[in-house]
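**Student:** Following this message is one structure expressed as structure tokens.
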Amino acid sequence: MHKYEIILYWSNEDQVFIAEAPELPGCMAHGDSYETALRNIKDAMRFWIDTATELGDPIPEPRRERPMLA
């Protein structure tokens, strides 16, 4: 599988860890622990890519650079 950026953060509102793959629009997952959220986003990313492939939709290339945080 391609290596996409994953953003993981704690949601006070939902009381869970949220994981996002920003390069795959709408691809998000959550979990009670950091590890669970990470495992779930990897599953979600595979599902996202498999679905796009089945539908003939383009699959974005992973970014080649690290994001800069300010």
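**Student:** How large is the accessible surface per residue of the chain, computed with a 1.4 Å probe and reported in Å² as a whole number?
**Tutor:** 77
**Student:** P(r) for the chain: what percent of alpha-carbon pairs falls in each 5 Å bin, starting at zero?
**Tutor:** With a bin width of 5 Å, the distribution comes to 3, 17, 25, 22, 18, 10, 5, 0.
**Student:** Let me ask something additional. Sort THR53, THR36 by accessible area with a 1.4 Å probe, largest first.
**Tutor:** Per-residue accessible area, sorted high to low, gives THR53, THR36.
**Student:** So, in nm, how far is label THR36 from label GLN15 when the simple model puts each one 7 Å beyond its Cα toward the Cβ?
**Tutor:** 1.2
**Student:** At most 14 other C-beta atoms within 10 Å and a DSSP loop state: those are the exposed trypsin sites (Lys or Arg not before Pro) I care about. Give me the longest piece of the chain that has none.
**Tutor:** With a cap of 14 other Cβ atoms within 10 Å, the longest stretch comes to 4-62.
**Student:** In addition: Where Lys and Arg each count +1 and Asp and Glu each count -1, what net charge lies around THR53 among other residues with Cβ under 15 Å from its Cβ?
**Tutor:** Once positives and negatives cancel, what remains is -3.
**Student:** With unit charges on the beta carbons (Lys and Arg positive, Asp and Glu negative) and the dipole taken about the Cα centre of the chain, which residue among LEU55, LEU24, HIS2 sits farthest to the positive side?
**Tutor:** Value: HIS2.
**Student:** Using +1 on the beta carbon of Lys and Arg, -1 on that of Asp and Glu, and nothing else charged, what's the dipole of the chain about the Cα centre, debye to 20?
**Tutor:** Once rounded to the nearest 20, the dipole reads 300 debye.
**Student:** Same structure, new question: For region 24-36, just list the computed ³J(HN,Hα) in residue order, Karplus coefficients 6.51, -1.76 and 1.60, θ = phi - 60°, integers in Hz, with x standing in for Gly and Pro.
**Tutor:** After applying 6.51 cos²θ - 1.76 cosθ + 1.60, I find 10, x, x, 7, 9, 8, 9, x, 5, 10, 4, 5, 5 Hz.
The values are calculated or read from the model by the stated rules, or taken from the named source; none is laboratory data. Because the structure is predicted, anything quoted here is derived from the model rather than measured. All Cβ positions, even for glycine, are placed from backbone atoms using ideal geometry, and neighbour counts span all protein chains on display. Remember, those area values only see protein heavy atoms, side chains included, never the ligands or the DNA or RNA. Shrake-Rupley method; radii C 1.70, N 1.55, O 1.52, S 1.80 Å.
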